[in-house]
Each structure stands twice: as structure tokens, then as C-alpha cells.
Amino acid sequence: MKQRIKLPAPVAAIYRAVEELEAAYPLRKFTPDGHLVGSIGEVIAAEALSLTLHPASYPGHDAFDGNGNVQIKMTAGNSISLYSTCDRLVVLRVVSPEEAEVVYDGVGKTAWERAGAMGKNGQRRISIRRLTAIAAELSDSK
């Protein structure tokens, strides 16, 4: 079973507001993205997984622990984008206004190698479904 992480009240309020806006205006999406979601993911993962955050814009990784550097991604969607490989990759997916789940916590190189082709923007996308499958494979091989 995937690890669930309770979202802090201010973050839950953002996602509840998104639900309300999308219900009121069904022809528009109000999904938070960019720096906001990235920063939320970083602080939530750091607290939940006992990581220490690097300063903002640290090259290639967001945090570290006794095992090394960690890149953190968070999404409410079905995929994430990667700019390069990393030592360890942690991917969180928002599953409700109150919770996120860890869908991947493993070797960054494995996710990078299984991601799609490089896009024009220099990023490679990988689906949450594929990350979940990779995590299950890695768990089975332990």
C-alpha cells in the first residue's frame, strides 16, 4: 500500500478551493502548478520522510538525508516531467484536498530511463501509472 501523507490545513484549503471553482465553472481547470505545487511537495516530503531541504534552486536535487540527494516532484495530474536523472526520486500525487500519496520513492536513474522521449522543452514525461509499476517491480525484487 502506498504511504499517505496528510496535507497541512492551508494546502488542503487550496485544493478544496480548486474543487469548488471547477464545480462552479466546469469549462475551466484551476489546477495549481508550477512553483506553488513544487514548493508544497518539497516541504511535505521533507517533513514526512525526514529529509533536509537544500536552498531553493539547488542544482538537480531538492533535499537530502543520510543516504544522499533527493529530487521531489508533486502533481495532482497523471504524470510528471523530469529535466535530468537524479540520485533518488520521490513523487507525490495529491489524491484528495486532505491527502497526498507517495507513488514513487526510488532510484532516479530508473525513472529517467523509463520516461518518454525528450521533448522540445528539454524535459521527459513519465506517467504516474508507469512510476507505480516501477515501484512495484522494485519492491518485488527486494
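The values are calculated or read from the model by the stated rules, or taken from the named source; none is laboratory data. All of these numbers come straight from a predicted model, not from anything done at the bench. Cβ atoms come from the backbone with ideal geometry, glycine included; neighbour counts cover every protein chain shown.
Pairs only if they're at least six apart or on different chains, beta carbon under 8 angstrom, first in region 1-29 and more than 17 Å from ARG93 (Cα to Cα), second modelled with pLDDT of 90 or more; list them, first residue then second.
ARG28/LEU21; ARG28/GLU22; LYS29/GLU22
Please work out which one of (1) loosely packed, with under 14 Cβ neighbours inside 10 Å; (2) part of a loop (DSSP other than H, G, I, E, B) is the condition ARG129 fails and give its number.
Unmet for ARG129, out of (1) loosely packed, with under 14 Cβ neighbours inside 10 Å; (2) part of a loop (DSSP other than H, G, I, E, B): (2).
Among the residues in region 89-104, are any buried (at least 17 other Cβ atoms within 10 Å of the Cβ), touching a residue at least 40 places away in the same chain (Cβ under 8 Å), more than 18 Å from GLU47 (Cα to Cα) and in contact with a strand residue (DSSP E or B) (Cβ under 9 Å, 6 or more places away or on another chain)?
There is no residue in region 89-104 that is buried (at least 17 other Cβ atoms within 10 Å of the Cβ), touching a residue at least 40 places away in the same chain (Cβ under 8 Å), more than 18 Å from GLU47 (Cα to Cα) and in contact with a strand residue (DSSP E or B) (Cβ under 9 Å, 6 or more places away or on another chain).
Quick check on this structure: which one of ALA48, ALA23, ALA13, ALA9 is under 16 Å from the mean Cα position of the chain (by Cα), farther than 27 Å from GLY122 by Cα and surrounded by fewer than 17 Cβ atoms within 10 Å (Cβ to Cβ)?
Numbers: ALA23 fails: under 16 Å from the mean Cα position of the chain (by Cα); ALA13 fails: under 16 Å from the mean Cα position of the chain (by Cα); ALA9 fails: under 16 Å from the mean Cα position of the chain (by Cα).
Within the list ALA48, ALA23, ALA13, ALA9, the selection yields ALA48.
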